[in-house]
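First comes the structure, then the notes that go with it.
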Amino acid sequence: MNNSYDVAIIGGGISGSALFYVLTHYTDLKRVILLEKYSEPASLSSSGNNNSQTIHAGDIETNYTFEKAKKVARSAKMLVSYALFHQLQNKSIFEYQKIAIGVGDKEVEFMQKRHQEFKEIYPELEFFTKEDIKEIEPNVIKMADGSDRVENVVASGVRKSFCAMNFCSVAHHMIEQSVFGEHKAEFNYQVRDIIKQGDGKYTLRAKDKEPITASFVLVNAGAHSLLLAQNMGFGLDLGCLPVAGSFFFIPSDKLRGKVYTVQHPKLPFAAIHGDPDVVANGKNRLGPTALSLPKLERFKPGTYLDFFKTSGFGEAATTKIMWDLFSDSEIRNYILRNFLYEIPIIGKKFFIKEAQKIIPSLTLEELTYASGFGGIRPQVLDKKQKKLILGEKKIQSGEGITFNMTPSPGATSCIRNALIDMLEITKYLNANVKMDRIKLELNEENLEWLVD
């Protein structure tokens with residue numbers, strides 16, 4: 001049995017699955033293997049239960065800067081192109097309206113200014129007055145007695161967009177499309193050791209499994225990417241703060257599409273939003289909340305020890321980062337409030353105030369804690385700069401192994417990130433890229449923008 005491969009990908013979430021597809025379809029590499037420690041792909045962050053199922057294009061995410069939105073918009077288009085090319089409409093990708101609302105004079109002014117600025121990136125963006133919103137999302141305006149809410153409310157958004165996705169379903173599709181020739185996916189393969197050989201290749205070992213050798217290793221294992229990196233002596237200047245997000249369910253007739261709110265500039269985590277749920281039929285979802293947990297995987301046994309290995313807690317730099325976060329009263333109150341949301345029975349009594357910003361007529365009886373929903377995202381702590389880093393983090397060794405940590409919008413950017421990894425891998429292995437196939441499937445003429 002030949003267990004030697006050109007590339008081994010560790011992690012079968014949407015990011016690893018996208019890279020598997022990209023390498024097997026857009027390059028001339030002959031032997032690529034995807035290794036996933038669980039029995040099926042995308043059972044953690046990419047599960048439909050564990051994310052907001054949103055293709056984050058940056059148009060209604062008010063915490064995105066103009067520059068970040070430009071990159072995310074193009075990344076989102078590639079993912080949509082992939083789904084439409086493979087005819088995944090109403091199977092894995094879904095069309096809804098989507099808006100970001102500003103409530104109160106201060107937020108209204110912010111949304112007006114943002115709308116004008118971001119129209120350059122999103123020509124299809126519409127600006128909605130209070131009366132417009134009442135027509136397209138009536139429950140955002142209507143009170144329980146049928147009157148209109150008193151605050152001024154405006155919105156920026158799109159009446160129809162492929163903006164929702166079951167990322168787990170897409171990951172399954174990508175893997176199914178990629179197992180051909182000598183390309184292979186292996187499940188229940190938990191990589192415990194990565195050993196560099198004298199010839200520059202790597203041997204991957206798992207308990208009770210045959211070792212696998214690869215010329216290049218790409219680790220897309222969420223928070224465990226950092227653990228594997230640090231085991232090899234890379235990324236020792238980084239720590240990990242796992243942040244869990246929970247959700248609440250409301251009846252499906254409360255919202256017709258996605259409704260986002262204005263991000264508080266001081267808070268490092270996303271403002272709550274409402275989304276039609278594509279896996280829990282007949283329900284809308286509100287969230288996420290944000291809660292730090294001392295483990296790397298939610299709803300899975302163990303990983304507490306892995307957390308303590310990667311967190312850096314007890315070190316001076318990590319202590320400084322956490323002190324700075326808790327020293328700010330707004331951030332501290334936000335953290336404490338989110339902790340209260342998790343307490344049974346009383347949690348929703350605290351959350352209802354947040355929820356009523358989106359749906360003012362919502363009652364406690366209509367709000368249900370979404371038990372078993374909500375994953376964990378690894379937020380990176382930079383011990384050198386002594387601060388929390390938002391967004392993706394890549395640890396490149398330059399020696400044929402790279403480690404990725406991809407919190408939101410990692411799922412939306414999965415193909416973009418895969419193409420970036422593809423360029424690194426093909427350069428290292430002297431392999432060729434099939435641009436004609438990329439143009440056909442993703443509508444991309446060149447890849448120069450990926451390395452800007």
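The values are calculated or read from the model by the stated rules, or taken from the named source; none is laboratory data. Here the structure is a predicted model, which means the values were calculated and not measured. Here the Cβ positions follow ideal geometry from the backbone for every residue, glycine too, while neighbour counts run over all protein chains shown. Heavy atoms of the whole protein, side chains included, go into the accessibility calculation; ligands, DNA and RNA do not. Shrake-Rupley method; radii C 1.70, N 1.55, O 1.52, S 1.80 Å.
Scan the stretch 364-404 for residues that are free of Cβ contacts under 8 Å to residues at least 60 places away in the same chain and either among the basic types (Lys, Arg) or over 19 Å from residue 325 (Cα atoms) (or both) and the total you get is 7.
The residue pairs whose first member lies in the stretch 441-452 and is at pLDDT 85 or above, whose second member is part of a loop (DSSP other than H, G, I, E, B), and whose beta carbons are closer than 9 Å, counting only pairs six or more residues apart or on different chains, are 441/86.
Of the residues 37, 71, the single one that is charged (D, E, K, R), touching a residue at least 12 places away in the same chain (Cβ under 8 Å) and farther than 30 Å from residue 302 by Cβ is 71. Would you please name the residue that is nearest to residue 138 (Cα to Cα), looking only at residues in the stretch 285-307 that are surrounded by fewer than 23 Cβ atoms within 10 Å (Cβ to Cβ) and among the basic types (Lys, Arg)? Going through the qualifying residues, I end up with 298. Answer with yes or no whether residue 47 is out of contact with any Asp or Glu (no Cβ under 9 Å at 6 or more places or on another chain) and of a type in the set (S, T, N, Q). Taking the combined requirement at face value, the residue satisfies it. Across the stretch 155-196, the qualifying residues are those that are without any contact (Cβ under 8 Å) to a residue 12 or more places away in the chain and not charged (D, E, K, R), and the one among them that is farthest from residue 26 (Cα to Cα) is 195. Number of residues in the stretch 233-254 that are touching a Phe, Trp or Tyr at 6+ places or on another chain (Cβ under 9 Å) and more than 18 Å from residue 350 (Cβ to Cβ): the value is 6.
Report whether or not residue 147 is over 15 Å from residue 61 (Cα atoms), polar (S, T, N, Q) and touching a residue at least 12 places away in the same chain (Cβ under 8 Å). When the stated conditions are applied, residue 147 does not pass them. Counting only strands (runs of 3 or more DSSP E) that sit completely within the stretch 176-225, those holding 3 or more residues that are in contact with a Ser or Thr (Cβ under 6 Å, 6 or more places away or on another chain) correspond to 212-219. Within the stretch 285-311, residues that are closer than 16 Å to residue 47 by Cα reach partners that are assigned to a strand (DSSP E or B) and of a type in the set (Val, Ile, Thr) with beta carbons closer than 6 Å, at six or more positions or on different chains, in the pairs 298/376. Cβ-Cβ distances below 7 Å connect the following pairs, each with a first residue in the stretch 209-233 that is touching a residue at least 40 places away in the same chain (Cβ under 8 Å) and more than 18 Å from residue 12 (Cβ to Cβ), a second residue that is in a strand (DSSP E or B) and open to solvent by 30 Å² or more (accessible area, probe 1.4 Å), and a separation of six or more residues or different chains: 211/205; 213/4; 215/6.
With respect to the conditions (1) surrounded by 13 or more Cβ atoms within 10 Å (Cβ to Cβ); (2) modelled with pLDDT of 85 or more, residue 336 lacks only one, and its number is (1).
Candidates in the stretch 421-451 are the residues that are open to solvent by less than 40 Å² (accessible area, probe 1.4 Å) and β-branched (Val, Ile, Thr); of these, the one that is farthest from the chain's Cα centre (by Cα) is 426. Quick check: is even one residue across the stretch 405-417 part of a helix (DSSP H, G or I), surrounded by fewer than 18 Cβ atoms within 10 Å (Cβ to Cβ) and touching a residue at least 40 places away in the same chain (Cβ under 8 Å)? Among the residues of the stretch 405-417, not one is part of a helix (DSSP H, G or I), surrounded by fewer than 18 Cβ atoms within 10 Å (Cβ to Cβ) and touching a residue at least 40 places away in the same chain (Cβ under 8 Å), which makes the answer no.
Would a scan of the stretch 181-196 turn up a residue that is surrounded by fewer than 20 Cβ atoms within 10 Å (Cβ to Cβ), over 23 Å from residue 42 (Cβ atoms), at pLDDT 95 or above and out of contact with any Lys or Arg (no Cβ under 9 Å at 6 or more places or on another chain)? Taking every residue of the stretch 181-196 in turn, at least one turns out to be surrounded by fewer than 20 Cβ atoms within 10 Å (Cβ to Cβ), over 23 Å from residue 42 (Cβ atoms), at pLDDT 95 or above and out of contact with any Lys or Arg (no Cβ under 9 Å at 6 or more places or on another chain).
I'd like the full set of residues that are hydroxyl-bearing (Ser, Thr, Tyr) and either open to solvent by 30 Å² or more (accessible area, probe 1.4 Å) or closer than 25 Å to residue 281 by Cβ (or both), limited to the stretch 146-180. Passing the criteria: 147, 161, 169. Of the residues making up the stretch 342-393, those that are outside any helix (DSSP H, G or I), over 30 Å from residue 309 (Cβ atoms) and open to solvent by 50 Å² or more (accessible area, probe 1.4 Å) are 344, 345, 346, 363, 368, 369. Scanning the stretch 234-252 for residues that are more than 21 Å from the chain's Cα centre (by Cα) and touching a residue at least 60 places away in the same chain (Cβ under 8 Å), we see that the one that is farthest from residue 203 (Cα to Cα) is 251.
Residue-by-condition table, conditions (1) open to solvent by 10 Å² or more (accessible area, probe 1.4 Å); (2) closer than 18 Å to residue 225 by Cα; (3) touching a strand residue (DSSP E or B) at 6+ places or on another chain (Cβ under 6 Å):
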{"position": "249", "(1), (2), (3)": "yes, no, yes"}
{"position": "274", "(1), (2), (3)": "no, no, yes"}
{"position": "283", "(1), (2), (3)": "yes, no, yes"}
{"position": "316", "(1), (2), (3)": "yes, no, no"}
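When you scan the stretch 1-49, how many residues do you find that are surrounded by fewer than 18 Cβ atoms within 10 Å (Cβ to Cβ), under 30 Å from residue 283 (Cβ atoms) and of a type in the set (D, E, K, R)? Number satisfying all stated conditions: 1. Does residue 300 meet the test of being under 19 Å from residue 376 (Cα atoms) and among the basic types (Lys, Arg)? For residue 300, the condition - under 19 Å from residue 376 (Cα atoms) and among the basic types (Lys, Arg) - is met.
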